[in-house]
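Each remark here refers to the structure printed beneath this line.
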Amino acid sequence: MTPRLLDDWPAIAERVRAARSLALFLDFDGTLAPTVNTPGEAEIDRSARAALRALAANRKARVCVISGRRRADVLALVDIPCVKYLGVHGAERATPAVSQPAADMVQEARHELTRGLNGARGIAIEDKGIAFAVHYRNAGHREINDARQLLENIATAGQGSLKILRGDCVWEVLPREIGGKGETARRLWQSQSPTSLPIYVGNDATDEGAYRALAEGLTAKVGAARSTHAHYLLKDTREVARFLERLREEMT
């Protein structure tokens, strides 16, 4: 059974104090901010924002927010200096992360899916430029099954050039060359501060790769106690805020 992170705080605090520095990676929706029906209305709890601002300003910590959203959206919603912002599961950065042919291929697949769905009720396609998301939270079982089959057929026709990440009522469609959150987080950790303690907090199935990639560090899943590769659980975004506050205190 995966333990609760705050219940094991003395052991965690000891690791944090022993570390020369921290590499802190955080998802956004469902982690820093509660998941909402209107994405633009997502807000970070004030205490979490204050703790995150202090951690980002601490010379012993490197903070990165890595999200499935577009980078510009995450930057606008968080807007804290000294934080590194990565969108589209780590692929969208300040400089292009995928080739133009790969981006074109994704757009062709999106257009094909849009034509095939023909306005299916409850299915929404979000264009992310170098990727796209298929949201089905408001769809019925028949519409979901039809959309899934059509998407799988399109991916198969792509002969392995596309991959599908399954999240919370969403399928994320990306070029195969995008490694995902795990590969991105590990690369950043090793390239910037390989002797630091990596910490990753997320809430979605797309974060599982990061839990595996940073197994040497501290990883936590936000939400229900389902099967996960994370070391710990945090109940909700309020517990994430308390974790960040305690982390800030240990770094003072």
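The values are calculated or read from the model by the stated rules, or taken from the named source; none is laboratory data. Note that this is a predicted model, so its numbers are computed, not measured. Cβ coordinates were reconstructed from backbone atoms using ideal geometry, including for glycine residues, and neighbour counts include every protein chain displayed.
Miscellaneous remarks
Condition check ((1) in the same structural domain as His89 (by TED's automatic domain parsing); (2) in contact (Cβ under 8 Å) with a residue 24 or more places away in the chain; (3) touching a Lys or Arg at 6+ places or on another chain (Cβ under 6 Å)) across all residues:
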{"site": "Ile130", "(1), (2), (3)": "no, yes, no"}
{"site": "Arg148", "(1), (2), (3)": "no, no, no"}
{"site": "Thr184", "(1), (2), (3)": "yes, yes, no"}
{"site": "Leu188", "(1), (2), (3)": "yes, yes, no"}
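- Residue tally, condition among the charged types (D, E, K, R), in contact with a helix residue (DSSP H, G or I) (Cβ under 9 Å, 6 or more places away or on another chain) and over 13 Å from Ala241 (Cβ atoms), over the stretch 22-77: 8
- Criterion (touching a His at 6+ places or on another chain (Cβ under 8 Å), in the same structural domain as Ala23 (by TED's automatic domain parsing) and touching a residue at least 24 places away in the same chain (Cβ under 8 Å)) met by exactly one of Tyr200, Tyr211, Tyr232: Tyr211
- Residue pairs whose Cβ atoms lie under 6 Å apart, sitting 6 or more positions apart in sequence or on different chains, and linking a residue in the stretch 17-42 that is loosely packed, with under 14 Cβ neighbours inside 10 Å to a partner that is part of a loop (DSSP other than H, G, I, E, B) and not basic (Lys, Arg), are Arg20/Thr195; Val36/Ala42.
- Qualifying residue in the stretch 132-144 (condition: part of a strand (DSSP E or B), out of contact with any Cys (no Cβ under 7 Å at 6 or more places or on another chain) and in the same structural domain as Arg69 (by TED's automatic domain parsing)): no
- Selection count where residues are assigned to a helix (DSSP H, G or I), of a type in the set (A, V, I, L, M), in contact (Cβ under 8 Å) with a residue 60 or more places away in the chain and farther than 25 Å from Thr184 by Cα, scope the stretch 1-13: 2
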